[in-house]
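Novice: Before we start, here is the structure in question, set down as structure tokens.
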Amino acid sequence: MGRTVVVLGGGISGLAASYHLSRASNPPKVVLVEGSKHLGGWIRSIRGPGGAIFELGPRGIRPAGALGARTLLLVSELGLDSEVLPVRGDHPAAQNRGLLRPSPPFSKPLFWAGLRELTTSRGKDPDETVHSFAERRLGPEVASLAMDSLCRGVFAGNSRELSVRSCFPSLFQAEQTHRSILLGLLLGAAFSTAGRSSQPDSALLRQARAERWSQWSLRGGLEMLPQAINTHLTSRGVTVLRGQPVCGLSLQAEGYWKVSLGDSCLEADHVISALPASVLSKLLPAEAAPLACVLSTISAVSVAVVNLQYRGAHLPVQGFGHLVPSSEDPGVLGIVYDSVAFPEQDGSPPGLRVTVMLGGSWLQTLEARGCVLSQELFQQQAQEAAATQLGLKEPPSHCLVHLHRNCIPQYTLGHWKKLESATHFLAAHRLPLTLAGASYQGVAVNDCIESGRQAAAQALGSEIDS
């Protein structure tokens, strides 16, 4: 009897874990279990009128760094090279990754913030909120405008609650190592290019580097990626169960897991959980109560995504999109100009596509009050934002509204301690369980794919293509 590894959660992390398990030199039997009928988690692409592509979740992947390179290598292994839509370095969406709209409302030039940063001493605490870190190093304006917006854009979260150590580890490390985040990031960039020979290589990667891609998508939308992984898994004999929510996990005396599904159960020598931390916490057996307790404190926030298409309209600005500081609008996180980056997905006849992201404290307050979160409410908010912020006054020709509940985990102050205690518990009790997914060390698609890769390596007890 060979080993069986059960992977919980068919989002991109669970798919990546299953993919790497299936490609091991001596692969175990792999069973992927997804509670819904849909694979790919928050990655979802919908084809609208005239063939236009609307992304309900992530809409572009960054190719930078070792993780970006690994994802592009995965794209090549899956045979998707010809489907890639790149945003090259000379493109407006690459050059104007504008943080704030329409030009930064800073009273003093950013040069002075940089000068202040170089002369600020290193922080003493093991962790700090993003706001406090930015205020200390770059001044109150950068903290309350730029970093506030960035936290809303990436995490749909509050910079006064999020941890700099966990949300922006490169900034935290730069200060720890070089005393200055500017020096640290510059030196870090220099070293990363020097160490490029150790990075994976492929024709697609060489093209991405030569053309300085800032991001990329796939012709039929990013959902082509999870779909291609699923096809690959099936060809490798991986069992993929959809519409099968997990009801509980129990550890048997012999050391294996019993994974309870609605009307059946599976036995597993090892479990990789790519479920949200709080969901996993409810499934763990009594003997893992301390772990469940820690995982239950990793919360997540909801985001409403409103896709709008306008016929015959033009944007007053070119770029990737803009973020909105909480002081300007507590409900609108930002607007992405989809048509600028990926005009190939505009459909025929082409229509201007933008996506309005709604969330933040406004949405949390509505949820807490138990208000009716209607599609009409979100559509109205989004259309008003597009009208006032981009001058798109005509009603859209097409609109999609989706509320993603608890879609972005929040790495609040001290998140690193939660991860440390979870790791210690798993090691001390030798539990055949590995954690993967956005709840732990990065919410971006590249981070999730990497967490799946590392979870597979751990489950196999070896380093795979490290």
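Novice: Against the longest alpha carbon principal axis of the chain, how many degrees, from 0 to 90 and to the nearest 10, is the axis of helix 360-369 turned?
Specialist: For 360-369 against the chain, the angle is about 60 degrees.
Novice: Using the Karplus curve 6.51 cos²θ - 1.76 cosθ + 1.60 with θ = phi - 60°, work out ³J(HN,Hα) for each residue of the range 33-44 in order, rounded to whole Hz, and write x for Gly and Pro.
Specialist: 10, 10, x, 9, 7, 9, 9, x, x, 6, 7, 8
Novice: Which lysines, if any, have their Cα less than 21 Å from the Cα of K29, not counting same-chain residues under 8 positions apart?
Specialist: Hits, sequence-local ones excluded: K258.
Novice: Quick check: residue separation of E254 and S361 times 0.36 nm, minus the Cα distance between them. What number comes out in nm?
Specialist: Contour length minus the Cα-Cα distance gives 33.7 nm.
Novice: Along the positive direction of the dipole of the chain (beta-carbon charges: Lys, Arg +1; Asp, Glu -1; about the Cα centre), which of A208, G153, G262 reaches farthest?
Specialist: Farthest towards the positive pole: A208.
Novice: If you don't mind, there's one more thing I want to ask. Among rounded, prolate and oblate, which fits the range 19-77 when a ≥ b ≥ c are the square roots of the eigenvalues of its C-alpha gyration tensor, a/c under 1.5 means rounded, and a/b larger than b/c means prolate? Intermediate values should be presented prior to the final figure.
Specialist: Numbers: a/c = 2.69, a/b = 1.37, b/c = 1.96.
Oblate, since a/c reaches 1.5 and b/c is not below a/b.
Novice: Restricting the count to DSSP beta bridges whose residues both fall in the chain, what percent are antiparallel, rounded to a multiple of 5?
Specialist: 70 percent
Novice: Sorted by average packing, counted as other Cβ atoms within 10 angstrom per residue and highest first, what order do 424-430, 377-383 take? Present the calculation step by step, with values, prior to reporting the outcome.
Specialist: Details: 424-430: 12.6, 377-383: 18.9.
Going by the mean number of other Cβ atoms within 10 Å, highest first, we get 377-383, 424-430.
Novice: Specify which labelled value, from (1) 70, 57, 42; (2) 104, 73, 58; (3) 66, 56, 53, agrees with Cα extents along the principal axes in Å derived from the coordinates of the model shown.
Specialist: (3)
Novice: Something else about it: Can you work out ³J(HN,Hα) from phi for every residue in the range 409-417, in order, using Karplus 6.51 cos²θ - 1.76 cosθ + 1.60 and θ = phi - 60°, giving whole Hz and x for Gly and Pro?
Specialist: x, 10, 8, 7, 3, x, 4, 4, 5
Novice: Oh, and also: For a quick protection proxy, order the peptides 334-344, 75-85 by their average other-Cβ count within 10 Å, most packed first.
Specialist: Result, highest mean Cβ count within 10 Å first: 334-344, 75-85.
Novice: Here is a further query. Starting from the Cα of S327, step 7 Å along the direction of its Cβ; do the same at L377; then give the gap between the two resulting points in nm.
Specialist: Spacing of the two 7 Å Cα→Cβ label points: 2.8 nm.
Novice: Which order do peptides 33-43, 8-18 fall in by mean Cβ count within 10 Å, highest first?
Specialist: The most tightly packed comes first, giving 8-18, 33-43.
Novice: Still on this structure: Once you list every other residue whose beta carbon is under 11 Å from the beta carbon of G41, what net charge do they have if Lys and Arg are +1 and Asp and Glu are -1?
Specialist: -1
Novice: Can you give me the % of accessible surface on the chain that is carbon or sulfur? Probe 1.4 Å, all protein chains present, nothing else counted.
Specialist: So the carbon and sulfur contribution to the accessible surface is 54 percent.
Novice: Under the rule of -39500 (n - 2.57) per DSSP H run of 4 or more residues, summed and divided by the residues of the chain, what mean residue ellipticity at 222 nm is obtained, to the nearest 500 deg cm²/dmol?
Specialist: Using -39500 (n - 2.57) per qualifying helix, the result is -11000 deg cm²/dmol.
Novice: Just tell me which lysines come within less than 27 Å, Cα to Cα, of K124; anything on the same chain fewer than 8 places away is out.
Specialist: Within the straight-line limit of under 27 Å, K124 reaches these lysines: K417, K418.
Novice: For the chain, with every protein chain kept in place, what is the accessible area per residue (1.4 Å probe, Å²)?
Specialist: For the chain, the per-residue accessible area is 45 Å².
The values are calculated or read from the model by the stated rules, or taken from the named source; none is laboratory data. Computed from a predicted model, the values in this text were never measured in an experiment. No Cβ is skipped: glycine too gets one built from the backbone with ideal geometry, and neighbour counts run over all protein chains shown. The accessibility values were calculated without ligands, DNA or RNA, using every heavy atom of the protein model including side chains. Shrake-Rupley method; radii C 1.70, N 1.55, O 1.52, S 1.80 Å.
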